[in-house]
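A short worksheet on the structure shown next.
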Amino acid sequence: MSNRALQRTYEILEGTTDDKVTKTFQFFIIALITVNVIVVIIETEESVLDEYGYLFTPFEVFSIIIFTSEYIGRIMVCKLNPKYQNSKLGFIRFVFTPMMLVDLAAILPFFLPFVVADTRFIRIIRLLRLFRLFKLARYSDPMQTLGHVFKSKAGDLAVAFFILFIVLIFASSLMYHAEHEVQPEAFSSIPASMWWGIVTLTTIGYGDVYPVTVPGKLIAAGVAVIGIAVYAIPTGIMASAFTEELRKKKMQNNNTCPHCGKDISRN
């Protein structure tokens with residue numbers, strides 16, 4: 001493939017230009033991903049599968065051809081990306097980027113059944129076709145914003161969920177010692193008690209496992225209140241991060257500095 005053809009392929013795949021061909025390609029991929037997810041969902045209805053199942057296989061083959069071609073194409077033009085062209089390990093870094101792993105996960109469910117014969121495993125693999133939904137992140141500004149938020153607040157979220165894990169261990173241990181003798185089946189061990197802990201901390205309260213002793217009820221009441229406070233931490237982190245990210249995008253669209261608010265269009 002000539003350098004000009006590679007450059008044009010790179011522009012279309014990465015959306016670096018705003019021409020009609022690039023927009024058409026992006027619209028086609030978005031539509032194909034959407035239909036694929038819909039097919040994965042509706043084919044679980046046996047009546048639909050029995051009547052229209054003969055259409056699903058040709059569509060799956062067509063989708064795999066497109067997605068595989070896209071995946072190979074991105075690998076072929078990765079060296080044109082400034083992030084990877086000057087690095088000896090640029091190709092390896094590119095292949096293991098999150099979006100390339102998503103692209104790989106989108107096509108693997110089609111090829112793995114040829115290698116694995118286990119029927120139950122094949123069903124799980126076919127469910128992985130839902131990963132194709134994440135391919136929309138390449139073309140969706142809201143999903144890209146979500147990715148930026150998670151990336152920027154990964155450390156803060158890790159601390160918040162670590163606190164949640166500590167509270168879960170503590171609450172499950174207390175409930176195990178309070179209820180084990182009275183309900184040995186429901187609270188057979190601390191790991192088994194964690195189901196109750198998760199349900200209570202999230203304030204869902206399924207009611208399938210609950211304390212019957214006075215100490216157990218007091219512990220449950222405390223854990224329910226603490227759960228509201230603990231889950232408010234990651235919620236607050238995500239809310240503030242989204243607000244900050246949207247403010248930055250608004251500043252950039254208005255050609256103003258996201259930090260000081262000064263007009264940078266003249267620079």
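Just so you know, all these numbers are worked out from the coordinates, no wet-lab data involved. Note that the coordinates shown come from a computational prediction; the quantities given were computed from them, not determined experimentally.
Worth a mention:
- Helix 46-76 and the longest principal axis of the C-alpha atoms of the chain enclose an angle of approximately 60°.
- Cα gyration tensor category, rounded, prolate or oblate, for the chain with a/c compared to 1.5: oblate
- Nearby lysines by direct alpha-carbon distance to residue 151 (threshold 29 angstrom, same-chain neighbours under 8 apart not counted): 23, 79, 83, 88, 135, 248, 249, 250, 262
- Proximity of backbone amide H atoms, modeled 1.01 Å from N, is registered between residue 97 and no other residue at under 5 Å, excluding neighbours fewer than 5 places apart on the same chain.
- Helix 190-201 vs. the chain, principal-axis angle (Cα, 0 to 90°, nearest 10): 70
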